[in-house]
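The values are calculated or read from the model by the stated rules, or taken from the named source; none is laboratory data. Model, not experiment: these values are computed from the prediction. With ideal geometry, Cβ positions are generated from the backbone for all residues, glycine too; neighbour counts draw on all protein chains shown. For the accessible areas, the whole protein counts, side chains as well, though only heavy atoms, and no ligand, DNA or RNA atoms are used. Shrake-Rupley method; radii C 1.70, N 1.55, O 1.52, S 1.80 Å.
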Amino acid sequence: MYAFKQFGSKYVLSIDNHQEISAALAAFCREKDIRCGAVYGLGAINKATFRFLDPATKKYVDKTFEEQMEITNLTGNISRKDGEVYLHLHITASRRDYSCIGGHLLSAVLSGACELVVESFDGEIGRRFDPETGLNLYDL
């Protein structure tokens, strides 16, 4: 599913082609018991579901794109919610015509490579639901 190399509290992670990014990254975090951290990277995908929160309704709108795209930026954080890995990922992807789309990443299937840097922080940060925003925010 992935290969990695560790450098202190940082990992260089390469997810195998045709894998789903969020699932592979969550599995990696479980394997390494990463409870708090940061992630960034790039790669290529051919199917992705992005999410957008409408603040007026506090409802999410999901949209799936099925086309070859380059991940120009994937960034996010790692925490815990209800004892499980909680990934908060955002992505920007470029299309064949060089236009870009992006949003909160729900899922993305690799079509090429996905190279990430994962930094593990000491400790743990949880999440709590905030009714005002409709978001699962850090519980600091």
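Side notes on the structure shown:
- Applying a DSSP loop filter and a limit of 14 other Cβ atoms within 10 Å to the chymotrypsin sites (Phe, Trp or Tyr not before Pro) in the stretch 31-135 leaves Tyr98.
- Comparing Gly102, Gly43, Gly83 in a Gaussian network model of the chain (Cα springs below 10 Å), the most mobile by mean-square fluctuation is Gly83.
- Gain on full stretching of the segment that runs from Ala38 to Phe65 - 0.36 nm per residue minus C-alpha separation: 7.2 nm
- Relative to its residue count, the chain spans a Cα convex hull of 100 Å³ per residue.
- Length-normalised contact order for the chain - Cα pairs under 8 Å, 6+ apart - percent: 32
- Within the accessible area of the chain (1.4 Å probe), percent carbon and sulfur: 51
- GluC sites (Glu not before Pro) lying in DSSP loop within the stretch 1-99, provided at most 11 other Cβ fall within 10 Å: Glu66
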